[in-house]
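All of the numbers you see were taken from the coordinates with simple rules; none came from a lab. What you see is a predicted model, and the numbers here were worked out from it, not measured in a lab. Here the Cβ is made from the backbone with ideal geometry for all residues, glycine too, and neighbour counts use every protein chain on show.
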Amino acid sequence: MTLQPRDSRRARAPYLPAPEKSPRAIRAALLPEDVGDFDREYRGVMTEAMEPLDLAPVRAFIERWWRVAWSSADPEGHRAMLETAGRLARGEEVPTKSVRGTLANVGLK
């Protein structure tokens, strides 16, 4: 896969509409490649919460996947972010921009 420059003027988080913070809304907003992981983790976290009657893991699960669902509102940008994160995790060189350049690119400076 080769990375192509993207039009950084497109609307994206936090300007993308956020899904509701419910498992059903989050799942509906996910990209197809993420739904299986969501379902598996949802079943696991619900099982984990039953015995101690502790919803903290469920709340953390919803918050984390809500952010993924929100990011997924820009499928191209979300996939590009995952590709860049994967490259960084593998220790590859990734071109970067200065904060000043990034802010100027999105019209904030």
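Please work out whether region 65-106 counts as rounded, prolate or oblate from its C-alpha gyration tensor, where a ≥ b ≥ c are the square roots of the eigenvalues and a/c under 1.5 means rounded, while otherwise a/b larger than b/c means prolate and anything else oblate? Please list the in-between numbers first.
Values: a/c = 2.51, a/b = 1.16, b/c = 2.17.
Taking the square roots of the gyration eigenvalues as a ≥ b ≥ c, region 65-106 is oblate.
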Summed residue charge, Cβ within 15 Å of A25's Cβ, Lys/Arg positive, Asp/Glu negative | +1
Could you work out how far helix 75-89 tilts from the main Cα principal axis of the chain, as a 0 to 90 degree angle to the nearest 10?
-> 90 degrees
Using mean Cβ contacts within 10 Å as the protection proxy, how do 66-74, 42-50 order, highest first?
-> 66-74, 42-50
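From the gyration tensor of the Cα coordinates in the chain, what semi-axes in whole Å does the equivalent ellipsoid have, largest first, with each one equal to sqrt(5λ)? Don't skip to the answer; put the middle values down first.
Numbers: eigenvalues 194, 54, 35 Å².
Calculated on Cα positions only, the semi-axes equal 31, 16, 13 Å.
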Per-residue HN-Hα couplings for region 101-107, Karplus 6.51 cos²θ - 1.76 cosθ + 1.60 at θ = phi - 60°, whole Hz, x for Gly and Pro?
-> x, 5, 4, 5, 5, 9, x
Using θ = phi - 60° and the Karplus curve 6.51 cos²θ - 1.76 cosθ + 1.60, what whole-Hz ³J(HN,Hα) does each residue of region 28-39 get, with Gly and Pro shown as x?
-> 5, 8, 6, 6, x, 6, 9, 4, x, 5, 4, 4
